[in-house]
Amino acid sequence: MPEIQLGAHTVRSHGVQVARMHMHDWLILALLMVLDLILNLIEPFHRFVGEGMMIDLRYPLKGNTVPFWAVPLVAILLPFVIISIYYIIRRDVYDLHHAILGLLYSVLITAVITDAIKDGVGRPRPDFFWRCFPDGKAVFDTVTRNVLCTGDKSVIKEGHKSFPSGHTSCLGFLSWYLSGKARVFDRSGHVAKLCIVFLPLLLAALVAVSRVDDYWHHWQDVFAGGLLGMTVSSFCYLQFFPPPYDIDGWGPHAYFRMLADTQNSTQTSTTTSNNLSVQQSERESVYIQLQHGIEILGVDNRGSSARMEAMEGGRAR
């Protein structure tokens, strides 16, 4: 495993670089937001609701224990705070960026799928009778016995969006994130770590129970919503992070890939430098050998000249 570098990659030093590498991901995220907005504006399918079906749809019309404005706080703001705290401790922009990106994708993909199914299915909520007939006087078609609602159109529209529940499809990503950071599956036997992982799931379960208690959803709605949210969040988390049981499960894939690339680059630079040093040494060795040969050749030439001069002197005498 490459050497870990704490605090070497911050928002200030590498934030823009990391964001640019995933520019297309942020663009797709913006498109998902627009798509979800459109799905909330269009009219859902108005399912046939006969007179006999109203027996199971006469629960009282109540407010929300967990209001709509609180859903983004629980699904986005709470995980964002925890992710930010981890960044302050570790100072790793790769973890910060990929965790936020994965969280937003988890929420928005789930929202798009949930709202698309809501509009397509058009299942009435348990309190549909009072949405349709706020004065309590039911009116039905004389032939089909389908409901002829007299209530407010926006309230009736919301009454056809029971399946699946959108409130219960959050916090799955946070459980995955905490399990990776706490290394719950490191085989050390510290089962207390699981309590940290189960806290977000417990909160999501309580929200789901409140939706049934408020008669805004049937139990099948919250079950399907929770299953859908957990499935999507699992895909989104594993897209950016290794599984929690992995030895590197505490960090994003991009972080370890960056460390490996840096290490390979360093090794390549070191190898190139060593090769240049070897080549320089070889050139110096060859140069020294040539100089030595030239010197030996010069000595031999001077010796031969001296011998020839001596021989010529002997002949002259």
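Could you give every pair whose Cβ atoms fall below 6 Å, whose first residue belongs to the stretch 189-213 and is in contact (Cβ under 8 Å) with a residue 12 or more places away in the chain and farther than 13 Å from Cys170 by Cα, and whose second residue is among the hydroxyl-bearing types (Ser, Thr, Tyr) and part of a helix (DSSP H, G or I), counting only separations of at least 6 or pairs across chains?
That search, which allows pairs on different chains as well, returns Val197/Ser175; Val197/Ser179.
Could we say that Val212 is over 25 Å from Arg90 (Cβ atoms) and either modelled with pLDDT of 85 or more or over 19 Å from the mean Cα position of the chain (by Cα) (or both) here?
yes
Restricting attention to the stretch 68-96, which residues are closer than 12 Å to Tyr177 by Cα and touching a residue at least 40 places away in the same chain (Cβ under 8 Å)?
Listed by number, the residues that qualify are Pro79, Ile82, Ile83, Tyr86, Asp95, Leu96.
Being acidic (Asp, Glu), at pLDDT 85 or above and either crowded, with 20+ Cβ neighbours inside 10 Å or part of a helix (DSSP H, G or I) (or both): is that true of Asp261 here? First the steps, then the outcome.
Working: acidic (Asp, Glu): yes; at pLDDT 85 or above: no; either crowded, with 20+ Cβ neighbours inside 10 Å or part of a helix (DSSP H, G or I) (or both): yes.
So Asp261 does not fit the description; no.
Quickly run through the stretch 78-95 and pick out the residues that are closer than 19 Å to Ala19 by Cα, at pLDDT 90 or above and among the β-branched types (Val, Ile, Thr).
Result: Ile83, Ile88.
Anything in the stretch 60-83 that is assigned to a loop (DSSP other than H, G, I, E, B) and either surrounded by 16 or more Cβ atoms within 10 Å (Cβ to Cβ) or hydrophobic (A, V, I, L, M, F, W, C) (or both)? List them, or say none.
If we filter the stretch 60-83 for residues that are assigned to a loop (DSSP other than H, G, I, E, B), which is where we start, we get 60-69.
Listed by number, the residues that qualify are Leu61, Val66, Phe68, Trp69.
Of everything in the stretch 143-177 that's small (Gly, Ala, Ser), within 30 Å of Tyr237 (Cα to Cα) and outside any loop (DSSP other than H, G, I, E, B), which residue is modelled with the highest pLDDT?
My answer is Ser175.
Within the stretch 105-114, how many residues turn out to be surrounded by fewer than 23 Cβ atoms within 10 Å (Cβ to Cβ) and either within 8 Å of the chain's Cα centre (by Cα) or without any contact (Cβ under 8 Å) to a residue 12 or more places away in the chain (or both)?
1
Could you tell me whether the stretch 9-25 includes any residue that is in contact with a helix residue (DSSP H, G or I) (Cβ under 9 Å, 6 or more places away or on another chain), modelled with pLDDT of 90 or more, under 19 Å from Tyr105 (Cβ atoms) and surrounded by 13 or more Cβ atoms within 10 Å (Cβ to Cβ)?
Scanning the stretch 9-25 turns up at least one residue that is in contact with a helix residue (DSSP H, G or I) (Cβ under 9 Å, 6 or more places away or on another chain), modelled with pLDDT of 90 or more, under 19 Å from Tyr105 (Cβ atoms) and surrounded by 13 or more Cβ atoms within 10 Å (Cβ to Cβ).
Go through the stretch 84-107 and give me each residue that's part of a strand (DSSP E or B) and over 15 Å from Phe256 (Cβ atoms). Quick ask: steps written out before the conclusion?
Of the residues in the stretch 84-107, the ones part of a strand (DSSP E or B) are 92.
Once the filter is applied, which keeps residues that are part of a strand (DSSP E or B) and over 15 Å from Phe256 (Cβ atoms), the stretch 84-107 yields nothing.
The values are calculated or read from the model by the stated rules, or taken from the named source; none is laboratory data. Predicted model only: the values in this text are computed from it and were never measured. Here Cβ is always computed from backbone atoms with ideal geometry, including for glycine, and neighbour counts include all displayed protein chains.
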